Amino acid sequence: MSISNTGANSIDARDLIVDYGTAAGTVRALQCPQFFVESGSNVAVMGPSGCGKSTLLGVLAGLARPTSGTVKIGDQPISTLSERERVRFRRRALGMVYQADNLLPHLTVEENLGLQLAICRDDMNTSQPTAPAEILERLGLGSLSKRLPDQLSGGQRQRVAVARAVIHRPAVIFADEPTGALDADSAQMVIKLLIDVQREMAATLVLVTHDPTMAKQLQRVVTLSRAQANEETRRVG
């Protein structure tokens, strides 16, 4: 695959706090003194339910601002951007994969990718985007291009969701429990695809998962306790 990414794409988050106001008072959803991911590497984030894994991912991706603290991707200070600037940055530089594939049911696989490409096109760094048919072939999904989502298995749908997330060649890929609804074989296929694509693109990958079998396939594992990030628990390679 000839997909490439030349931008700096390290992730550096410091002193992150996310608080929510409730009728009972303030609830601290996340307290993370430091979270750093080297450019072009991959890391799994684990921890018990309610520890802030998805909150951390949302703040890193600029989907929400922290109550306090800073987030930088490369040289870009995400946490200080306006909402409009964060939207443009996400379209240009980030790819998102969720547990639900969120494919539009009335569009074919190829059309779902084409729509994503059209949405991102004005904010992309490259003047030569990857065509939907081309990336589907490169990712071994060419035979699915004319199918509607309800004609696919769960694993196939999630593989298409990965293709959609990377069609604009993002610098960083965020994946939030992407295998949570899949059987073991399909989950393994999706994780392998994510890692292969991340390496081919020289992108940075942050994967949230509750499954240690999936997590151990990444280079690093960071464990979050409730409301606080602990030191990384494992490094491989």
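None of the figures in this text is laboratory data; all of them are computed from the coordinates on show. Source: prediction; values computed, not measured. No Cβ is skipped: glycine too gets one built from the backbone with ideal geometry, and neighbour counts run over all protein chains shown.
Around the Cα centre of the chain, unit charges on the Cβ atoms of Lys, Arg, Asp and Glu (plus for the first two, minus for the last two) sum to a dipole of about 220 debye. Per-residue ellipticity at 222 nm from helix content only, as computed over the chain with -39500 (n - 2.57) for each DSSP H run of at least four residues, stands at -9000 deg cm²/dmol. Put simply, the amide H of L205, placed in the peptide plane, has neighbours under 5 Å in S41, N42, V43, I173, leaving out anything fewer than 5 places away on its chain. Taking a Cβ cut-off of under 10 Å around S10, the surrounding Lys, Arg, Asp and Glu residues balance to a net charge of -2, with basic ones at +1 and acidic ones at -1.
Quick one: Cα convex hull volume of region 36-165, Å³ per residue?
Convex hull of Cα atoms, per residue: 143 Å³.
For region 1-113, a simple Cβ point-charge model (Lys and Arg +1, Asp and Glu -1, everything else neutral) yields a dipole of about 260 debye relative to the Cα centre. When every Cα-Cα distance of region 89-213 is counted in 5 angstrom steps from zero, the calculated P(r) takes the values 2, 12, 24, 25, 22, 11, 4, 1 percent.
Size of region 1-85 from its Cα atoms: along the principal axes, largest to smallest, the extents are 53, 30, 21 Å. 3J(HN,Hα) couplings calculated from phi for region 20-34 with the Karplus curve 6.51 cos²θ - 1.76 cosθ + 1.60 (θ = phi - 60°) are, in sequence order, 10, x, 10, 4, 8, x, 7, 10, 8, 8, 7, 9, 10, x, 7 Hz; Gly and Pro show x. Between the Cα long axis of helix 154-166 and the first principal axis of the chain there is an angle of about 80°, rounded to the nearest 10.
Couplings for region 87-102, taken from phi via the Karplus curve 6.51 cos²θ - 1.76 cosθ + 1.60 with θ = phi - 60°, read 4, 5, 5, 4, 4, 7, 10, 10, x, 10, 10, 10, 4, 7, 6, 6 Hz in order; Gly and Pro are left as x. Eigen-decomposition of the gyration tensor built on the alpha-carbon atoms of region 170-226 gives equivalent ellipsoid semi-axes of 17, 15, 10 angstrom, largest listed first. From the Cα gyration tensor of region 138-180, with a ≥ b ≥ c the square roots of its eigenvalues, which class applies: rounded if a/c is under 1.5, or else prolate if a/b is larger than b/c, or else oblate? Because a/c hits 1.5 or more and a/b fails to exceed b/c, region 138-180 counts as oblate.
Label separation (L148 vs V27): 3.9 nm, computed from points 7 Å beyond Cα along the C-beta direction. In this simple spin-label model, placing a label point 7 Å from the Cα along the Cα-to-Cβ direction at both L107 and T70 gives a separation of 3.7 nm.
Across region 188-203, coupling constants 3J(HN,Hα) worked out from phi with the 6.51/-1.76/1.60 Karplus curve, θ = phi - 60°, read 4, 5, 5, 4, 4, 4, 4, 5, 4, 5, 4, 5, 5, 8, 6, 7 Hz, and Gly and Pro carry x.
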